[in-house]
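> This is the structure I have questions about; it appears just below.
The values are calculated or read from the model by the stated rules, or taken from the named source; none is laboratory data. All of these numbers come straight from a predicted model, not from anything done at the bench. Reconstructed Cβ throughout: ideal geometry from the backbone, glycine too, with neighbour counts over all protein chains shown. For the accessible areas, the whole protein counts, side chains as well, though only heavy atoms, and no ligand, DNA or RNA atoms are used. Shrake-Rupley method; radii C 1.70, N 1.55, O 1.52, S 1.80 Å.
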Amino acid sequence: MISGRISFTSLGSGSKGNATLVRAGKTLILIDCGFTLKEVTRRLQQQAVDPRDLTAVLVTHEHGDHIGGVGALCRRYNLPLFTTPGTRLSGRLGQLPDWRKIDPEHPFAVGDLEVWPVTVPHDAREPVQFILGNGVSRLGVLTDLGCITPHVIRHYRRCQGLILEANHDPDLLAQGPYPPSLKRRVAGDYGHLSNQQAADLLLQLDQKQLQHLVASHLSEQNNCPDLARQTLATSLNCTPDWVALAEQESGLGWRQLD
Ligand SMILES: [Zn+2]
Ligand SMILES: [Zn+2]
């Protein structure tokens, strides 16, 4: 099922909203939509994408920064939506024109792409993250998890592209403005990956295959982009500027896997 290389972009990433676009041939998948319908339409247009060209929407979990505009977008453009039953049961999607069930760990096809939903430790009802492949290359999307499990390492071992959470620096989080309960949640095993946890994961993957690494879901208050890139670069033995950054406002330019 090879009909076009995989390319991808971020429409924005961080606690104020996340959305990732993945394309292969005529297949165009949106993963998560934490922006309002109006805002995501604007961001799609910035990437020269017409929302009518979307093949489907996939959602990782029901937190507002991932699900905010999903229901409205799917209703407006009559799009199929893939989620786990747990994510749907959160009741945050409203009426849907075409809901399709995700069985974690059971791959499924969306047009030219095969999608593997991988269970991750995060404080939502039934969260998954995704690996998308076209038979030649694989793109891993891995944000919103509190720790690295053997299961995660096994699945993400051989990706040519990786969009990886580097949420916080533990010292900045500890000194930062969050209330203690939120600090504990973010740093906990069901919260978010620190820069160092993300870097440790990279050491356990097959780095020779990696063509693109994108640091994402950075905290604006508890991290700084240079620090995140530097920490990840140490694991890859590359310069920090090789590590791309999915920004909250401007997202990321299109990238392509060979
Ligand atoms: Zn999130
Ligand atoms: Zn989350």
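> Among the residues of region 99-115, count how many are in contact (Cβ under 8 Å) with a residue 12 or more places away in the chain, open to solvent by 50 Å² or more (accessible area, probe 1.4 Å) and of a type outside the set (Gly, Ala, Ser).
6
> Would you check which residues across region 40-49 are among the charged types (D, E, K, R) and either surrounded by 18 or more Cβ atoms within 10 Å (Cβ to Cβ) or within 16 Å of SER7 (Cα to Cα) (or both) and list them?
ARG43 - this is the single residue of region 40-49 that is among the charged types (D, E, K, R) and either surrounded by 18 or more Cβ atoms within 10 Å (Cβ to Cβ) or within 16 Å of SER7 (Cα to Cα) (or both).
> Any idea which of LEU257, LEU210, LEU201 is open to solvent by 10 Å² or more (accessible area, probe 1.4 Å) and aliphatic (A, V, I, L, M)?
LEU210
> How many of the residues making up region 23-68 are closer than 25 Å to PRO104 by Cβ, of a type in the set (A, V, I, L, M, F, W, C) and within 16 Å of ligand 2 (Cβ to nearest atom)?
Of the residues in that region, 5 qualify.
> Cβ-Cβ below 8 Å, separation at least six or inter-chain, first residue in region 48-66 and in a helix (DSSP H, G or I), second open to solvent by 20 Å² or more (accessible area, probe 1.4 Å) and near ligand 1 (Cβ under 10 Å from one of its atoms): which pairs?
Short answer, once both residue conditions are applied: ASP65/SER15; ASP65/LYS16.
> Related question: Restricting region 133-192 to residues that are of a type in the set (Val, Ile, Thr) and outside any helix (DSSP H, G or I), which is nearest to ILE31 (Cα to Cα)?
Only one residue fits best here, namely VAL141.
> Considering each of GLN204, GLN248, GLN209, GLN160 in turn, give the residue that is more than 16 Å from ligand 2 (Cβ to nearest atom), of a type outside the set (D, E, K, R), in contact with an Asp or Glu (Cβ under 8 Å, 6 or more places away or on another chain) and within 24 Å of VAL128 (Cβ to Cβ).
Sole residue among the options that is more than 16 Å from ligand 2 (Cβ to nearest atom), of a type outside the set (D, E, K, R), in contact with an Asp or Glu (Cβ under 8 Å, 6 or more places away or on another chain) and within 24 Å of VAL128 (Cβ to Cβ): GLN160.
> Just checking, which of ARG154, ARG184 is within 16 Å of ligand 2 (Cβ to nearest atom) and free of Cβ contacts under 8 Å to residues at least 12 places away in the same chain?
That would be ARG184, the only listed residue that is within 16 Å of ligand 2 (Cβ to nearest atom) and free of Cβ contacts under 8 Å to residues at least 12 places away in the same chain.
> Right, something else. I need the full set of residues from region 4-35 which are open to solvent by 50 Å² or more (accessible area, probe 1.4 Å) and more than 16 Å from ligand 1 (Cβ to nearest atom), in order please.
Quick first cut of region 4-35, residues open to solvent by 50 Å² or more (accessible area, probe 1.4 Å) only: 5, 15-16, 23, 26.
Passing the criteria: ARG5, ARG23, LYS26.
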